[in-house]
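The values are calculated or read from the model by the stated rules, or taken from the named source; none is laboratory data. None of the values given here were measured: they were computed from a predicted structure. Virtual Cβ from ideal backbone geometry, glycine too; neighbours counted across all protein chains shown.
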Amino acid sequence: MSIRSLTSVAAAAAFATTLLVPVSALADGAYHPATGELGATYHPQHASATSGSQVAADLEKAQKHPAWNAASRGAPWPVAKSGEPKTRDQVNAELNAAMKDPAWKNVSRGAPWPTVVADPK
């Protein structure tokens, strides 16, 4: 590549960055740009009441957790254990009971479990 083409590629990259940085900054707040007459939409669920120092403290606490190394690379965060673990016999009994359900044939092929409606008694 010639120097001329390298400088044009660098200039195009700098120009694109200049255009995209302000747009990404708008996603941080509760107001987002819109194409309508108002020009912006308000999303109260995007407003944050926590301060930057609180967020930094939470991040530091999370980074000290033993599972942080795997979780920061996409692994699911471990679920807290609740109660006694089931034995192999209990799990097999649950599986056998589920397999006797009439919906098992469809569920085993990928269909969702039918919704359970409470008895109106």
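Brief remarks follow.
- Test result for V55, among the aliphatic types (A, V, I, L, M) and more than 30 Å from G29 (Cα to Cα): no
- Q45 vs. criteria surrounded by fewer than 11 Cβ atoms within 10 Å (Cβ to Cβ) and within 30 Å of Y31 (Cβ to Cβ): yes
- Qualifying residue in region 25-39 (condition: at pLDDT 80 or above and aliphatic (A, V, I, L, M)): yes
- Residue match in region 68-86 (condition: assigned to a helix (DSSP H, G or I), under 22 Å from the mean Cα position of the chain (by Cα) and polar (S, T, N, Q)): yes
- Of the residues making up region 87-121, those that are touching a helix residue (DSSP H, G or I) at 6+ places or on another chain (Cβ under 8 Å) and either exposed (fewer than 10 other Cβ atoms within 10 Å of the Cβ) or modelled with pLDDT of 90 or more (or both) number 0.
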